[in-house]
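The values are calculated or read from the model by the stated rules, or taken from the named source; none is laboratory data. These numbers were taken from a predicted model, which means no experiment stands behind them. Because the Cβ atoms are built from the backbone with ideal geometry, glycine has one as well, and the counts that use them run over all protein chains shown. Each accessible area value is taken on the protein alone, full model and side chains, heavy atoms only, with ligands, DNA and RNA left out. Shrake-Rupley method; radii C 1.70, N 1.55, O 1.52, S 1.80 Å.
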Amino acid sequence: MESMPRNLFLGGMNMNTLGLYEAHLDVSDLQSSIDFYTKKLGFRLAFEDPERRIAFIWVSPGKRHMIGLWEKEEVRRGHVAFSVAPEEIEKAAAFLQERGIPSRDFFGNPGAESSVHAWMPAASVYFRDPDGHSLEYIAVLPDKPLPELGVVPLSCWKELRRL
């Protein structure tokens, strides 16, 4: 795991950033989205304000990361990636399948294995929530980047690493 914090240069001063704390998504049905994120993905409801039609969901232990869900008539689709440990990424597609959530690879192929973004490198599995937001489980791999490979299936990446 990389050391934290990171220094960012901001007009002559350094800001020690620990990571992304929250992201917000527009949703068409708040309760349906709460159910998806809590019952299907296993995240925890942090707070709900039914009057304002908003909810906040903890997506990691220790109140370190959350998603804000805002019910709107018009939903703008977004993308959120959830960080997982490298040893967890191979379980992601099966985890999603058990919950009736179709997974896909980077190229959109359904049910395919994890894709490795070789420039990082990191392995990913993609899926969608009820409003069509692109969601991703991503695991940064401890290997040396090989950007010339582009995006490859995890099995190919492992085979290349063995050689």
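A few points about this structure:
- Cross-chain or 6+ apart pairs with Cβ under 8 Å, segment 135-163 first and assigned to a loop (DSSP other than H, G, I, E, B), then modelled with pLDDT under 95 and loosely packed, with under 12 Cβ neighbours inside 10 Å: none
- Scan of segment 95-140 for residues that are aliphatic (A, V, I, L, M) and over 16 Å from P153 (Cβ atoms), ordered by number: L96, I101, L135, V140
- Of all residues in segment 95-110, exactly one satisfies the criterion of being small (G, A, S) and open to solvent by 50 Å² or more (accessible area, probe 1.4 Å), namely G100.
- Some residue of segment 24-32 being more than 27 Å from P145 (Cα to Cα), open to solvent by 40 Å² or more (accessible area, probe 1.4 Å) and in contact with a strand residue (DSSP E or B) (Cβ under 6 Å, 6 or more places away or on another chain): yes
- Evaluated against (1) among the charged types (D, E, K, R); (2) open to solvent by 30 Å² or more (accessible area, probe 1.4 Å); (3) in contact (Cβ under 8 Å) with a residue 24 or more places away in the chain; (4) not in a loop (DSSP other than H, G, I, E, B), E113 falls short on exactly one condition, (4).
- Qualifying residue in segment 134-149 (condition: over 21 Å from G78 (Cβ atoms), open to solvent by less than 40 Å² (accessible area, probe 1.4 Å) and over 18 Å from the mean Cα position of the chain (by Cα)): yes
- Yes/no for D49 being at pLDDT 95 or above and open to solvent by 50 Å² or more (accessible area, probe 1.4 Å): no
- Test result for W58, in contact with a strand residue (DSSP E or B) (Cβ under 9 Å, 6 or more places away or on another chain) and free of Cβ contacts under 8 Å to residues at least 24 places away in the same chain: yes
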